[in-house]
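Here the structure comes first, spelled out in structure tokens, and everything after it is commentary.
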Amino acid sequence: MGGSDPSGRLVRPFTLTGGRTRPSRADFTLITTVTAADPQPETAARPQPEHTRILRLCARPMAVAELAARLDLPVSVVVIMLCDLLEAGRITVRPPRSVTTPDPDLLQKVREGLGGSDTDARASADGGAPDTVKILIAGGFGVGKTTMVGSVSEIRPLRTEEPLTMAGLDVDDLDGVEEKRVTTVAMDFGRITVSDDLVLYLFGTPGQQRFWFMWNDLALGALGAVVLVDVRRPKSSFAAIDFFERRGIPFVVAVNGFHGEHPYPVEDIREALTLPAEVPVLLCDARERESSRDVLIALIDLLIAQAAATAG
């Protein structure tokens with residue numbers, strides 16, 4: 001995520017911030033919505049080229065994480081530049097209107113949006129920030145979380161992948177995924193526009209144990225989760241299943257068919273993972289958009305059923 005020059009990826013992005021590594025304000029989260037001021041203040045100093053690009057992208061409301069993905073820059077760098085623009089009066093920011101309580105009507109709207117045709121990114125009807133629904137894509141190391149987010153997101157996903165190095169050999173378990181060369185060190189982020197005023201955000205969690213401390217923050221405000229499973233290494237997903245069970249976050253289990261193969265029936269997988277009958281288990285191919293979308297629809301169906309049962 002550091003630009004097109006791999007040799008400078010550790011230094012080059014922060015030349016855009018004048019060497020600064022910390023933001024001057026605390027206004028920004030990953031899904032804070034940023035919009036360019038219209039009209040632009042006449043008294044403000046002329047923006048730098050990188051700031052001008054941000055203003056161009058933010059002609060419509062855009063989340064910080066999406067902005068970082070479009071700029072191909074680390075979120076930390078983008079936030080520092082956004083602080084500059086906010087202090088100059090060139091942008092406005094709006095906290096996300098997160099939907100954290102399951103509402104059957106809203107969930108049905110999400111389901112209909114997922115089941116319909118592909119949609120282009122659109123601003124909300126009133127020009128402001130849309131309501132947001134947050135879903136996590138979780139699982140063990142190398143189960144296909146980054147692939148699933150990328151296959152179903154309508155935007156170029158924000159990815160925080162870094163090369164695996166010799167330093168991690170004694171820490172990361174590569175058993176069964178010896179060919180893996182990169183790993184997610186923070187999160188994956190994708191977006192699906194459901195309607196003009198409703199957006200579904202996808203957050204992929206890091207799989208290695210040394211990054212599990214981030215899961216609590218990523219889970220805040222999530223309506224539900226998808227737990228991806230690799231049947232070659234089912235134990236790698238036990239921690240994710242336990243995480244959501246302990247916190248009462250609804251989830252479905254999606255068995256990712258590597259090389260397009262599903263050698264075990266669903267009931268055998270359910271038994272191996274000791275899953276209760278009410279937890280849906282699906283076979284999927286995380287590389288395929290329709291397959292990944294079907295998994296999300298299954299999760300929304302679960303949330304609708306639970307919301308209806310609670311209301312009844």
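The values are calculated or read from the model by the stated rules, or taken from the named source; none is laboratory data. A quick note: this is a predicted structure, and the numbers were derived from the prediction, not measured. Reconstructed Cβ throughout: ideal geometry from the backbone, glycine too, with neighbour counts over all protein chains shown. For accessibility, only protein heavy atoms count, side chains too; no ligands or nucleic acids. Shrake-Rupley method; radii C 1.70, N 1.55, O 1.52, S 1.80 Å.
For this structure, a couple of remarks:
- Close Cβ contacts (under 7 Å, 6 or more residues apart or on different chains) running from residues in segment 136-148 that are open to solvent by 10 Å² or more (accessible area, probe 1.4 Å) to residues that are modelled with pLDDT of 90 or more and of a type in the set (S, T, N, Q) comprise G144/N256.
- Selection within segment 234-272 - without any contact (Cβ under 8 Å) to a residue 12 or more places away in the chain, assigned to a loop (DSSP other than H, G, I, E, B) and farther than 24 Å from N216 by Cβ: E261, P265
- Residue within segment 227-236 that is modelled with pLDDT of 60 or more, open to solvent by 20 Å² or more (accessible area, probe 1.4 Å) and β-branched (V, I, T) present: yes
- Qualifying residue in segment 286-299 (condition: open to solvent by less than 60 Å² (accessible area, probe 1.4 Å), part of a helix (DSSP H, G or I) and of a type in the set (S, T, N, Q)): yes
- A222 being part of a loop (DSSP other than H, G, I, E, B), buried (at least 19 other Cβ atoms within 10 Å of the Cβ), in contact with a Phe, Trp or Tyr (Cβ under 9 Å, 6 or more places away or on another chain) and small (G, A, S): yes
- Residue within segment 79-89 that is farther than 14 Å from T33 by Cα, touching a Lys or Arg at 6+ places or on another chain (Cβ under 7 Å) and touching a residue at least 12 places away in the same chain (Cβ under 8 Å) present: yes
- For segment 77-98, the set of residues classified as in a loop (DSSP other than H, G, I, E, B) and crowded, with 18+ Cβ neighbours inside 10 Å consists of R90, P96, listed by residue number.
- Residues of segment 104-123 include none that is in a strand (DSSP E or B) and at pLDDT below 90.
- Within segment 204-219, one or more residues are in contact (Cβ under 8 Å) with a residue 24 or more places away in the chain, assigned to a loop (DSSP other than H, G, I, E, B), open to solvent by less than 10 Å² (accessible area, probe 1.4 Å) and of a type in the set (V, I, T).
- The condition (being part of a strand (DSSP E or B), over 21 Å from the mean Cα position of the chain (by Cα) and not charged (D, E, K, R)) is satisfied by just one residue among L275, L283, L228: L283.
- Subset of segment 47-73 (residues that are charged (D, E, K, R) and either open to solvent by 50 Å² or more (accessible area, probe 1.4 Å) or in a strand (DSSP E or B) (or both)): E50, R53, R56, R60, R70
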